[in-house]
Amino acid sequence: MTAPADLVLRGGPVHTLAPDRPEATAVAVRGGRIVAVGADADVRPLTGPATEVVDLAGRALLPGFQDAHVHPVLAGLTMIRCDLHDTRDADEAVAAVRAYADANPEAEWISGGGWSMEWFPGGTPSRHLLDTVVPDRPVHLINRDGHGAWVNTRALELSGVGADTPDPADGRIEREPGGAPQGTLHEGASHLVGRHVPEPGEETMLRALLAGQRRLHAAGVTAWQDAMVDQKVQRAYLAAAESGLLTARVVGALWWDRDRGEEQIPELLARRGEAGRFRATSVKIMQDGVAENFTAAMTSPYLDGCGCVTANRGISFVDPEALRRHVTRLDAEGFQVHVHAVGDRAAREALDAFEAARAANGRNDHRHHIAHLQVVHPDDVPRFAALGVTANMQPLWAAHEPQMDELTIPFLGPERAAWQYPFAALLRAGAPLAAGSDWPVSSPDPFLGLHVAVNRTPPGESAEAFLPEQRLSLTAALVAYTAGTARVNHLDTRTGTIERGKLADLVVTDRDPYAIPPGELAGTSVLATYVEGERVHTHRAF
């Protein structure tokens, strides 16, 4: 006699996202694994006196979402510090800084982040705004996109940053007339002040990780790749994994120090390994910056505010020849390589590096990927499939909103602006797709990203579709957020679809995403999240 299931979910649409059986109405789970998928009648014999039976009541069941590029520890740190993510403009941000400083008089530094460039003229907030509310303590606040910092005068003074301080090779100090620092520090320039901010202790890092994990589970995320794992972050994951507090499956992308070269590879090899649900098997290389501050690496120059060609093509943080050597060596050592590339030159440099690695080392199953891919030259679109490189997309950004319309398109020009976020073109060309949020840069909610991937319009807004020919079908977008990311993380034999024998990483939603107009996807809520059949999040409405 077959043993009863521990958990049965029935009475609603089950979107398995499995190629051979896409639809069902019931799932049974035993010992953390799916033991049956089918109609309600198929799981009835597996329902015993101790079986937990969940009546979906028409609500949908999906595979757990998986985020291919996210920073939950950084997000958690922001959540427990001066968090500006819920503010909506400059005035609210300044008021939030004042309130945090008043509530934390013992804090030596006011640190945190979450401000948006679009709130400030030219995308560059001034130190004087912060001086009005915190004149006597240093303030260091990371931009929402993680590519710059907003600081006050006291922070600049304590850090020794002044009019005579040169720009670092990988960043820029925004300056006032006369050369004094204006208060915005782009890319590597943010470290001129950031390195003086007191380091959080191990207990704080673990608390940040757990806060980030709770938020991701609430969004239906059951697995992810953390795209910036330094030694402090890795220790937090190891502590959580070894104590049983890590309830998600996580691949850590070990941070590549762009100020160093291959001499760091032995250190990365020493840190590679796994504990519980955490595996450190990937290496993250940041190849360029972002388009809004003109540090994304482009094949042709940016335009200025008058539409004239400038001399600036952005910054390649790693010399392209060195990048080819590094990636070839990492590939030979068995690492997956995860590259940040926003500009089309950075994407090309990354593809060239993967091509060099394949030529030197042959084919393998490391599943390298390039994240963000805001601007991709059309000539490079077919290379993803040819090289087996996954396009790791952050769909939420592919819409008309102020940062795109005011700080990006005018400085790219019409031809290059039309190369942005070419999701459908990559899919048609055979590129594997994965999806993520880059939280805390943007929301961790997969349904917001799904909305933009399918509609190319901002969630909750009636706006012109942004390059509508690059829309994805709902199924293609869902697969990228589930099976596509599972593949990148080498979890595809265990998770990513709802199939017999796979782990019961599942999400219950308040509506069936296939039964609503595409324009309503952003309103979908996650009611319950399961990891190996154990509920790790429950919405109050469930």
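Quick notes
- Applying the condition of being modelled with pLDDT of 90 or more and in contact with a His (Cβ under 8 Å, 6 or more places away or on another chain) to the range 67-93 and asking which residue is nearest to Met117 (Cα to Cα) yields His69.
- Selection within the range 483-529 - in contact with a strand residue (DSSP E or B) (Cβ under 9 Å, 6 or more places away or on another chain) and in a helix (DSSP H, G or I): Ala483, Gly484, Thr485, Ala486, Arg487, Val488, Pro513, Tyr514, Ala515
- With respect to (1) within 30 Å of Ile370 (Cβ to Cβ); (2) surrounded by 13 or more Cβ atoms within 10 Å (Cβ to Cβ); (3) not aliphatic (A, V, I, L, M), the lone exception for Gly38 is condition (1).
- Within the range 238-256, no residue satisfies the criterion of being among the acidic types (Asp, Glu) and either out of contact with any strand residue (DSSP E or B) (no Cβ under 7 Å at 6 or more places or on another chain) or in a loop (DSSP other than H, G, I, E, B) (or both).
- Every pair of residues 6+ apart whose Cβ atoms lie under 7 Å, when the first sits in the range 138-153 and is in the same structural domain as Ala96 (by TED's automatic domain parsing) and at pLDDT below 90 while the second is in a strand (DSSP E or B) and among the β-branched types (Val, Ile, Thr): Gly148/Thr184
- Residues that are over 20 Å from the mean Cα position of the chain (by Cα) and either basic (Lys, Arg) or modelled with pLDDT under 95 (or both), drawn from the range 452-470: Gly460, Glu461, Ser462, Ala463, Glu464
- Check on Arg127, in contact with a helix residue (DSSP H, G or I) (Cβ under 9 Å, 6 or more places away or on another chain), more than 28 Å from Ser316 (Cβ to Cβ) and among the charged types (D, E, K, R): yes
- Selected residue (only one of Arg235, Arg249 is within 23 Å of Ser282 (Cβ to Cβ), touching a Lys or Arg at 6+ places or on another chain (Cβ under 7 Å), charged (D, E, K, R) and not assigned by TED's automatic domain parsing to the domain that holds Glu108): Arg249
- Test: Ala418 is in contact (Cβ under 8 Å) with a residue 40 or more places away in the chain and surrounded by fewer than 20 Cβ atoms within 10 Å (Cβ to Cβ): yes
- Matching entry among Ala107, Ala101 (being hydrophobic (A, V, I, L, M, F, W, C) and touching a strand residue (DSSP E or B) at 6+ places or on another chain (Cβ under 8 Å)): Ala101
- Looking at the range 124-237, the strands (runs of 3 or more DSSP E) lying wholly inside it that each contain 3 or more residues that are crowded, with 23+ Cβ neighbours inside 10 Å sit at 139-143, 148-151, 181-187, 221-229.
- The one condition from (1) within 21 Å of Ser116 (Cα to Cα); (2) in contact with a Ser or Thr (Cβ under 7 Å, 6 or more places away or on another chain) that Ser442 does not meet is (2).
- Taking each residue of the range 271-282 that is on the phi > 0 side of the Ramachandran plot and looking for partners that are charged (D, E, K, R) and surrounded by fewer than 16 Cβ atoms within 10 Å (Cβ to Cβ) with beta-carbon atoms closer than 9 Å, six or more apart or interchain, yields Gly276/Glu242.
- Test: residue in the range 454-473 that is part of a helix (DSSP H, G or I), in contact with a Gly (Cβ under 8 Å, 6 or more places away or on another chain) and of a type outside the set (Ser, Thr, Tyr): yes
- The range 274-303, residues that are assigned to a strand (DSSP E or B), out of contact with any Pro (no Cβ under 9 Å at 6 or more places or on another chain) and under 23 Å from Ser116 (Cα atoms): Met286
- The single residue among Val70, Val97 that is of a type in the set (A, V, I, L, M), surrounded by 20 or more Cβ atoms within 10 Å (Cβ to Cβ) and out of contact with any Ser or Thr (no Cβ under 7 Å at 6 or more places or on another chain) turns out to be Val97.
- All conditions but one from (1) closer than 17 Å to Gly343 by Cα; (2) more than 21 Å from the chain's Cα centre (by Cα); (3) in a loop (DSSP other than H, G, I, E, B) apply to Gly430; the one that does not is (1).
- Subset of the range 64-94 (residues that are of a type in the set (Asp, Glu) and assigned to a strand (DSSP E or B)): Asp67, Asp83
- Filter pass, Arg363 being surrounded by fewer than 24 Cβ atoms within 10 Å (Cβ to Cβ), basic (Lys, Arg), touching a residue at least 12 places away in the same chain (Cβ under 8 Å) and assigned to a helix (DSSP H, G or I): no
The values are calculated or read from the model by the stated rules, or taken from the named source; none is laboratory data. Computed from a predicted model, the values in this text were never measured in an experiment. For neighbour counting, all protein chains shown are included, and Cβ atoms are generated from backbone atoms with ideal geometry for every residue, glycine included.
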